[in-house]
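Below is one structure, written out as structure tokens; the observations come after it.
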Amino acid sequence: MKTETRPELRAPAEALGRLLRAGAERIPMADVAALFGAKGEALEKARARGDLVVRGGRFSNGGAPIVAPAGRVEVEIPDLLRGSCRADDSGWSLAFELPDFCPRACAQIAFFRKCFDLREIRATASGLTLDFGSDLADRRFEF
């Protein structure tokens, strides 16, 4: 797992955690996109998707698919996101339903395009983890 220091992700991670702990029924997709450092056009596309609808420990969001550059990878958001969520004093998580209802990170490696499905986003007071189910793709962002 690759680990980076990204203190700028603390504020969006804490804000999303507060919403989940408060039992919010709607969470702006732009708030989720901010966890990936989305800016400009990518953030506007996320905003246009509307909100994650949260009920009974489950979430969903539908809209136009999004493909956005994020450094050396492209992030792909399918037309429907769906999964489970939890939040408590120790942190929060969004776990996506695989394989059709999750974001993907895709990279061009030589002549091949390799994509990894995002299984879960987990946050604690010290950092944010993106779990792709592969040590090659997993990321930990320490605040």
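Check the stretch 84-93 and report whether any residue there is surrounded by fewer than 18 Cβ atoms within 10 Å (Cβ to Cβ), over 23 Å from GLY133 (Cα atoms) and either out of contact with any His (no Cβ under 7 Å at 6 or more places or on another chain) or among the aliphatic types (A, V, I, L, M) (or both). Scanning the stretch 84-93 turns up at least one residue that is surrounded by fewer than 18 Cβ atoms within 10 Å (Cβ to Cβ), over 23 Å from GLY133 (Cα atoms) and either out of contact with any His (no Cβ under 7 Å at 6 or more places or on another chain) or among the aliphatic types (A, V, I, L, M) (or both). When PHE59, PHE96, PHE36 are screened for being of a type in the set (Phe, Trp, Tyr) and at pLDDT below 90, only PHE36 passes. Name the residues in the stretch 14-38 that are under 17 Å from PRO103 (Cα atoms) and surrounded by fewer than 17 Cβ atoms within 10 Å (Cβ to Cβ), would you? Across the stretch 14-38, the qualifying residue is only GLY37. On the stretch given as the stretch 64-78, residues that are surrounded by 15 or more Cβ atoms within 10 Å (Cβ to Cβ) and either hydroxyl-bearing (Ser, Thr, Tyr) or modelled with pLDDT of 90 or more (or both) total 6. A residue that is surrounded by 20 or more Cβ atoms within 10 Å (Cβ to Cβ), within 22 Å of THR3 (Cα to Cα) and modelled with pLDDT of 95 or more occurs somewhere in the stretch 133-143.
The values are calculated or read from the model by the stated rules, or taken from the named source; none is laboratory data. If you're wondering where the values come from, they're calculated on a predicted model, not measured in any experiment. Here the Cβ is made from the backbone with ideal geometry for all residues, glycine too, and neighbour counts use every protein chain on show.
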